[in-house]
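Here is the structure we will look at.
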Amino acid sequence: MAISRRPAEAEDLVQTVFVKLATTGADLLAVRKPASYLHRILRTVWVDAWRREASTGEEQPLEAGAGRSGHTRLDETAALDVERALRRLPDHQREVVELHLVEGFSFREIGRMTGVSIWTATGRYRLAVGRLRNLLG
């Protein structure tokens, strides 16, 4: 959910990752950090799906508010504002914010998962937070 933001797409991504894992075989024995490995596969599958979707030119509707019963209208409005602001971030910045704040990964882990240095990951996070502050006032 942190990557795709859509429940149906998240379920499809997890299913695709399980199929990839089931067909990987002995290569899995060399994996030293399973969480990073799984996230890397998940991210790759998501990027591939996103590129296919982008090439068709179809934009998916924002599914904000799904499963948020019991919240006030103000909470829903604030959540929509945050979600819209997150969507305006470049993909690499949004990914770092979601991995750090939602998933709880350290910047070192995020760097390993995304193939960048720890300093690049923290820089992306810092830029994203600054941009979010500007977007949200």
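The values are calculated or read from the model by the stated rules, or taken from the named source; none is laboratory data. Keep in mind the model is a prediction, meaning the values are calculated, not measured. Quick reminder, even Gly has a Cβ in these numbers, built from the backbone with ideal geometry, and neighbours come from all protein chains shown.
Quick look at the numbers
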read-out	value
Cβ pairs under 8 Å, 6+ apart, first in the stretch 13-32 and under 26 Å from residue 50 (Cα atoms), second assigned to a loop (DSSP other than H, G, I, E, B) and β-branched (Val, Ile, Thr)	13/3
Complete set of residues in the stretch 33-56 that are within 20 Å of residue 99 (Cα to Cα) and free of Cβ contacts under 8 Å to residues at least 24 places away in the same chain	34, 37, 38, 44, 47, 48, 50
Residue 84 being modelled with pLDDT of 55 or more, closer than 15 Å to residue 9 by Cα and more than 13 Å from the chain's Cα centre (by Cα)	no
Positions within the stretch 75-108 being of a type outside the set (A, V, I, L, M, F, W, C) and not in a helix (DSSP H, G or I), in sequence order	90, 103, 104, 106
Failed item, numbered, when residue 22 is tested on (1) touching an Asp or Glu at 6+ places or on another chain (Cβ under 8 Å); (2) modelled with pLDDT of 70 or more; (3) among the small types (Gly, Ala, Ser)	(1)
